[in-house]
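Just below is one structure, and these are the notes that go with it.
We did not get these values from a lab; they are worked out from the coordinates using the rules stated. None of the values given here were measured: they were computed from a predicted structure. Every residue, glycine among them, receives a Cβ derived from its backbone with ideal geometry; neighbour counts consider all protein chains shown.
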Amino acid sequence: MAVKVIIPTPLRVYAAKKDSAEVSAQTVGEALGGLTTQFADLRKHLFTDDGKLRSFVNVYLNDEDIRYMAKEATPVKDGDVVSIVPSIAGGCASA
Amino acid sequence: MVDEFQLNIGYELAERIGNHGAETFPHECCGALLGRDSAFEENAGGASSREVLELFPLVNRRDDSPRNRFAVTAEDVLEAEKAARKHGLDVIGWYHSHPDHPARPSQFDREHAWPWYSYIIVSVLSGKPADMTSWRLNDDRQDYTPERIEIRNRAAV
């Protein structure tokens, strides 16, 4: 299945400045794997050393959070869009 | 490595960030900075320039601690990115306010920030916008580099 993966701005420097990439995959996990095969530098920004998605990285299939589907095993179909979405937070208190 | 970062923003947009902080005072406000970074343009070379061209104000989702924390949902981030694409822009950073605190990033800010983005912080003192600063997290995530804000005296495009 041909799917499009959207790359957020802070990660584009590790993806030849591209805002998206086309990959062939059966699942969301395979799509992310295909992306990090194309752009090896992305890998450590998406996954921990033991291969889990980093906690400040969210992944959406079209408009759905994959955490509420089958996570990385969620199947994809032709034309689907996988979005890598950074978590954004902060605040003035230090602790 | 770039020695000095600079973020260009129109006067009106800078004023809107301060006003957003005043509206939500004593709670923190937050929103996305939509704009352009020349590094992403074709044939980019040399030092990049970055400009805020639109804002995407968001609701602070930290109902438990809105005076000293902010968070947005992943759906908010997706919406901000869609809004940016609609205008032919990118999400180049985020802004938030520090009510009755200086416009300096906290340790909590650093732990939750991403390299590359511009992070504007506006200090809001007794309900009035005060200092505005901008920061970029270093690639090693250990510290920030201050980014000079160049406020331009013209309306946003």
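Assorted remarks:
- Rounded to the nearest 20 debye, the dipole magnitude of the protein assembly as shown is 100 debye, with +1 charges on Lys and Arg beta carbons, -1 on Asp and Glu beta carbons, and the Cα centre as origin.
- Seen from every direction in turn and averaged, the convex hull around the alpha carbons of the protein assembly as shown projects onto 13.6 nm².
- Proxy reagent accessibility, fewest Cβ within 10 Å first, across B:Trp116, B:Trp135: B:Trp116, B:Trp135
- Proximal charge balance of B:Leu58 [Cβ under 9 Å; K/R count +1, D/E count -1]: -1
- For segment B:5-152, the alpha carbon convex hull comes to 107 Å³ per residue, rounded to a whole number.
- Cα-based helix-to-principal-axis angle, B:74-86 vs chain B, degrees rounded to 10: 40 degrees
- A:Val76 long-range amide H proximity, modeled H, under 5 Å: A:Thr27, A:Val28
- Within-14-Å neighbourhood charge of B:Ala84 [Cβ basis; K, R +1; D, E -1]: -2
- Unit charges at the beta carbon, dipole of segment B:5-152: most positive-side option, B:Pro129, B:Thr73, B:Leu53: B:Pro129
- Ordering of B:137-145, B:19-27 by packing [mean C-beta count within 10 Å, highest first]: B:19-27, B:137-145
- Neighbour-count ranking [beta-carbon atoms within 10 angstrom, fewest first] of B:Tyr95, A:Tyr68: A:Tyr68, B:Tyr95
- The spacing between segment A:17-95 and segment B:66-122, judged by their C-alpha centroids, is 20 Å.
- Only Lys, Arg (+1) and Asp, Glu (-1) charged, at Cβ; segment B:5-152 dipole about Cα centre in debye: 200 debye
- Net charge dipole, segment A:2-86: roughly 260 debye, given to the nearest 20, about the Cα centre with Cβ charges of +1 for Lys and Arg and -1 for Asp and Glu.
- Segment B:6-56: relative contact order as a whole-number percent, Cα under 8 Å and 6+ apart: 46 percent
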